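No value in this document is a laboratory result; all are computed from the given coordinates. These figures come from a predicted structure and were not determined experimentally.
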């Protein structure tokens, strides 16, 4: 039994490929941004810690807002389900952020520090 699609709905294959591409694009952008900010994660004073925390807050919140808006727009274009796609991309990026940070901490404690952040184990 095949489900009817709306008049402007893209095929299932296009929806899946676009979704995977957008998710990978934003995960890659997050990893690249965090790698570019490794020097900020080294702290020598309280002002360095405050600066690091502010920069990280802007990067994380900015990317989460951006991926949600992009997800909404992409979802509207794909099949009219903007809110669903916005939420999907938001959740995927949150899970990826947690995985990247947790993984980099574990690697740092085993001698591979400064991948996406400088950790003190």
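The Cα-based radius of gyration of the stretch 51-121, divided by its Kirkwood radius, gives an Rg/Rh of 1.14.
Taking the C-alpha atoms only, the angle from helix 12-36 to the longest principal axis of the chain is near 10 degrees.
Past the 21 angstrom mark, what percentage of all C-alpha to C-alpha distances in the chain do you count?
48
Taking 92, 65, 16 as the candidate residues, the one with maximal mean-square fluctuation in a Gaussian network model of the chain, Cα springs under 10 Å, is 16.
Find how much the distance from residue 39 to residue 14 grows on full extension, using 0.36 nm per residue of separation minus their present alpha carbon separation; answer in nm with one decimal.
On the way: separation 25, 0.36 × 25 = 9.00 nm, distance 3.96 nm.
Length difference between fully extended and current span is 5.0 nm.
In the chain, the calculated helix contribution to ellipticity at 222 nm averages -25000 deg cm²/dmol per residue, counting -39,500 (n - 2.57) for every DSSP H run with n ≥ 4. Taking Cα atoms only, the orientation of helix 46-78 departs from the longest principal axis of the chain by about 10 degrees.
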